[in-house]
Amino acid sequence: MRLVLIGPPGVGKGTQAKFLVDYFIIPQISTGDILRNHVRNNTTLGNEAQVYMRDGKLVPDIVILNMMKNRLAEDDCASGYILDGFPRTIPQAEGLDDLLNILGHQLDCVVMMNISDSLIINRLSNRRSCKECNQIFNLLYDPPQQAGKCNKCNGDLFLREDDIPDTIQRRLSIYHQQTEPVIEYYTKRDMAEIIDSKGTIKEIQAQIIERIEVYNS
Ligand SMILES: [Zn+2]
């Protein structure tokens, strides 16, 4: 099973990716992880990436795609993989097509987790993080026992920069602008499965499995 999993920040993509890893016994491929590995191991591609990162620039798609080419050719990818949060843009989707052609791989389907902006903003802006141990609480679903204090270490809770409504809105705008065309790109090929992701984790899991099992041949 070769899957792409995309969705806006805060939709719960990481949780579903972990579930799919266990369900299909395939690795989760995240470009962030691959990039960090290359940089840590001082590979040629890692050094190339670092030139951009040092200047605070985005690592070009071609560098990322070359890293992915190596990663997807590894043994553990033989029976499939989940591409987590990649491709995010049309040029990346086109680059991925070329790369998969070279590898002789075919994507089975693209799972897009869909949710309204207002729900995302509501969820994330209710998150509170512990200053001491980084534990995350949610005032709506998982509130701390004592207001403003961490259950684990009694540290002070705070609202992270990433969870401030204005910041979330900005990230969502970028997502809509760049990634929605990617959905269209795959919809045209009958490969996109759009999953209503406002329910519980279990409900979303069930929906994803139901929709992608048909591709699992
Ligand atoms: Zn804590």
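Extension gain, Gln169 to Lys188: 0.36 nm times the residue separation minus the Cα-Cα distance gives 4.0 nm. Seen from Leu103, the other residues with C-beta closer than 12 Å to its C-beta sum to a net charge of 0, counting Lys and Arg as +1 and Asp and Glu as -1.
Annotated for the chain: lysine pairs at least 8 residues apart or interchain, Cα distance under 24 Å, count 10.
The H on the amide N of Ile29, modeled in the peptide plane, is under 5 Å from the matching H of Ile82, Leu83, Asp84, each at least 5 residues off or on a different chain.
Taking amide H as placed 1.01 Å from N in the peptide plane, Val110 has its amide H under 5 Å from the amide H of Val4, Ala192, Glu193, each at least 5 places away in sequence or on another chain. Scanning the chain for helices, which whole DSSP H stretches are 27 Å or more long along the axis (Cα) and average -1.0 or more by Kyte-Doolittle? Qualifying helices: 165-187. Peptide packing: for 21-28, 160-167, the average count of neighbouring Cβ atoms within 10 Å per residue gives the ranking 21-28, 160-167, highest mean first. What trypsin sites (Lys or Arg not before Pro) does the stretch 43-114 have in DSSP loop regions with at most 12 other beta carbons within 10 Å? Passing both the DSSP loop test and the Cβ count: Lys57. Classify the stretch 38-93 from the C-alpha gyration tensor, please: rounded if a/c falls under 1.5, else prolate or oblate depending on whether a/b exceeds b/c. Oblate shape, in that a/c is at least 1.5 and b/c is the bigger or equal ratio.
With one equal scatterer per alpha carbon and no solvent term, the Debye-computed log10 I(q)/I(0) for the chain at 0.08, 0.11, 0.14, 0.18 1/Å reads -0.33, -0.62, -0.99, -1.38. Restricted to Cα atoms, the stretch 52-156 shows a radius of gyration and a Dmax of 20.1, 56 angstrom. Less than 5 angstrom separates the built amide H of Lys198 from none of the residues sequence-distant by 5 or more or on a different chain.
Using the Cβ-Cβ distance between Phe158 and Glu213 with R0 set to 25 Å, the FRET efficiency from 1/(1 + (r/R0)^6) comes to roughly 0.05.
Computed from the coordinates by the stated procedures, all read-outs in this text should not be read as laboratory data. None of these values were measured; they are calculated from a predicted model. Here the Cβ is made from the backbone with ideal geometry for all residues, glycine too, and neighbour counts use every protein chain on show.
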